[in-house]
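Undergrad: Before we start, here is the structure in question, set down as structure tokens.
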Amino acid sequence: MGVVPFSKYLDSQGLSFGVGESLLAEIGRRTATGESCSALLSDPALVSSGMGASHLLGIRRAWWRYQSLEALTRDLPGEWGDRVGPEAERFAQRMAAARKGEQPWARIFAAWLAATLQHGRIRVILKRMADPRAREYVSLHGHTEGCAEIPPHRFLAIARGVRDGIVWLEVIPPEDVAGLAGLPTLGPTAQDELVRALARPVRDCLAERAEEEAISTAAGSLQNLLSRPPVSQPLAGIAVEALRLYVHIRGGEHDGTESEFPMADLPALCSFLEKRSIRFAGIARIGGSAGIAPILQHLSAAGLTVEPIREAGLMKQARAQAKGLKSAAAAVVARRMQDPLSGYAGLEADALGLGEYLDQVDAQRFSAALEDARDVACWERAQGRTGAPMLRGLALQPLVLELADLRPGMELSGTISNLTHFGAFVELGLTVQGLIHLSELSDRFVKHPSEIVKVGDSVRARVLEVDEARQRVSLSLRSGREPGRPSGREQRAQSMKKLDELFKKS
């Protein structure tokens, strides 16, 4: 039998949403045959159940995890609803085959695995110091972190090192698992064998959790981006190169008009746009050009509503057009600002810039989640639904044209460009984006950035720290705290440092 029914699995994951077993099973069957989200959302049975698009997306992502569990348990008797039971059963079979005594090995292993995932730790060991790729992991050497606490992006970074043979990940179970779980005491040899056997399933469970969270965050960011309401007025797309600006008008009587200007002649650009009654503009860098803050400042001062447009995949879309590459880039910028749903169409998962280390997740599962996000955005548009009306443009801080102009305590306007499980990235019009750490998004506890912001939101954030050497800007949305009082992030960093020191001595 192997695995529990899909409806029972969803219930154990908190994803049944009060929907009947038969409908959940039907969703699983139709997902397996490749039926689209939009087709399911239009099904009368699903509509009458009250299930929304976000519920359906969660169920469809769970279907992929269910398939993995089914493959893992296919040759085992009984029904299994998670990874712990099957791993424990396989360990028990190995111990029985090796005549390792009559202990209840399955129960012992299950208890140790569950306890380690909840209370255990992992330690990063750098194996190949001389490898040039090891530089990425030097700061993690000797680092320990709780299995239940490690952020997905950090685990995926470590997993890449493990895959490349540069990093070894040590699994450290909590002390006295046997005493806590009321299990029989094991001898040193048996316990060592048990701990060695825990390493792979612990890593697999952590990898599955990190993958799900990374995919869920990326798909949510894409859906928020594509759900932004279109701009109905004529607008301009501006592609910024090191020395020149390329402009493409979209919409209205001047639709398709193009021009280019020297970087030093911003008044000419403003005059060109004003003569054609253009009040909205999107702007993006190409070719590794400098920051766009001076251009944003100038255009905003001229009365235009101007927004930075995400650059991921821009040149890939531009190359697909039968025209000059830089002019084509400006046309892509215009299309993305006018309507993200069509502006980002045709890009593959790896070209969207939706998060870090997404090359470490299952490519098929990732592509399916993004396709579902696109499909739902299209379906909602067809139903007359778009994202809430939003403020357009950036209210930039005067005299902030580059990173060196920033000072702690300044307030900056920006646009949320991406979400991760550790915070939100903010487009500021500079050469680098700012980061609002999870602990700095609100005065209250926040589990995920999406509780506070979404992609495309305009925010007013306070500068906490500027690190020019590492090209990093730390921001905060919290109310001002007392001088000298550490932030939640700082308090957590101090606690983690103390724990690292304790484990390095062990």
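All of the numbers you see were taken from the coordinates with simple rules; none came from a lab. Quick caveat, the model's predicted, so the values are computed rather than measured. When we count neighbours, we look across all protein chains shown, and the Cβ atoms used for this are built from the backbone with ideal geometry, even at glycine.
Undergrad: Taking only DSSP H segments of four or more residues, each worth -39500 (n - 2.57), what value at 222 nm results for the chain once the sum is divided by all its residues, to the nearest 500 deg cm²/dmol?
TA: Values: 17 runs with 217 residues, N = 506.
About -13500 deg cm²/dmol.
Undergrad: Determine the gain in length on full extension of the stretch residue 103-residue 407; use 0.36 nm per residue of separation and subtract their C-alpha separation, reporting nm with one decimal.
TA: Details: separation 304, 0.36 × 304 = 109.44 nm, distance 6.34 nm.
Contour length minus the Cα-Cα distance gives 103.1 nm.
Undergrad: Output ³J(HN,Hα) for segment 369-379: one whole-Hz value per residue in order, computed from phi by the Karplus curve 6.51 cos²θ - 1.76 cosθ + 1.60 with θ = phi - 60°, and x for Gly and Pro.
TA: Karplus values, whole Hz, x for Gly and Pro: 5, 5, 5, 4, 4, 4, 4, 5, 4, 5, 5.
Undergrad: Let me ask something additional. What is the set of long-range amide H partners of residue 475 at a cut-off below 5 Å, with H atoms built 1.01 Å from backbone N?
TA: 435, 436, 437, 464
Undergrad: Describe numerically, in nm with one decimal, the distance between label points set 7 Å from Cα along Cα→Cβ at residue 302 and at residue 13.
TA: About 5.1 nm, to one decimal.
Undergrad: Okay, next question. Rank 183, 108, 197 by how far each Cα sits towards the positive end of the charge dipole of segment 103-211 (+1 on Lys, Arg Cβ; -1 on Asp, Glu Cβ) and give me just the farthest.
TA: Farthest along the dipole direction, towards plus: 197.
Undergrad: Name the aspartates and glutamates eligible as straight-distance cross-link partners of residue 447: C-alpha to C-alpha under 15 Å, and not fewer than 8 places from it in the same chain.
TA: 149, 213
Undergrad: Sticking with this structure for a sec: When DSSP beta bridges are limited to those with both residues in the chain, what percentage is antiparallel, rounded to the nearest 5? Present the calculation step by step, with values, prior to reporting the outcome.
TA: Values: 39 of 54 bridges.
So the antiparallel bridges amount to about 70 percent of the total.
Undergrad: With the cut-off at 31 Å, tell me which of the pairs 323/454; 8/127; 275/323 have Cα atoms farther apart than that. If you can, show how the numbers build up before the last one.
TA: Working: 323/454 34 Å; 8/127 43 Å; 275/323 25 Å.
From 323/454; 8/127; 275/323, over 31 Å: 323/454; 8/127.
Undergrad: Still on this model: Given a Förster radius of 56 Å and the C-beta distance between residue 164 and residue 479 as r, what FRET efficiency does 1/(1 + (r/R0)^6) yield to the nearest 0.05? Provide the component values of the computation, followed by the final result.
TA: Working: r = 43 Å, r/R0 = 0.78.
With a Förster radius of 56 Å, E is 0.80.
Undergrad: Separate question: Based on the alpha-carbon gyration tensor of segment 235-338 and its eigenvalue square roots a ≥ b ≥ c, which shape applies: rounded if a/c is under 1.5, prolate if not and a/b is larger than b/c, or oblate?
TA: Details: a/c = 1.55, a/b = 1.18, b/c = 1.31.
Cα axes put segment 235-338 in the oblate bin.
Undergrad: Express the C-alpha Rg of segment 1-53 as a ratio against the empirical globular expectation 2.2 N^0.38 Å, rounded to two decimals.
TA: In units of the globular-protein estimate, segment 1-53 measures up at 1.12.
Undergrad: Put +1 on the Cβ of every Lys and Arg and -1 on every Asp and Glu Cβ in the chain; which of 80, 376, 327 then has its Cα farthest towards the positive end of the dipole?
TA: Sorting the options by dipole projection puts first 327.
Undergrad: Extension gain residue 363-residue 268, at 0.36 nm per residue separation less the Cα-Cα distance, in nm?
TA: On the way: separation 95, 0.36 × 95 = 34.20 nm, distance 4.63 nm.
This chain segment gains 29.6 nm when fully extended.
Undergrad: Please give the length that would be gained between residue 316 and residue 451 if that part of the chain were fully extended, namely 0.36 nm times their separation in residues minus their C-alpha to C-alpha distance (nm, one decimal).
TA: Details: separation 135, 0.36 × 135 = 48.60 nm, distance 3.24 nm.
Result for the pair: 45.4 nm of gain on full extension.
Undergrad: Can I ask one more? For 447, 8, what's the fewest-to-most ordering of other Cβ within 10 Å of each Cβ? Intermediate results must be reported in sequence, preceding the final value.
TA: Numbers: 447 8, 8 16.
Placing the least packed residue first, the sequence is 447, 8.
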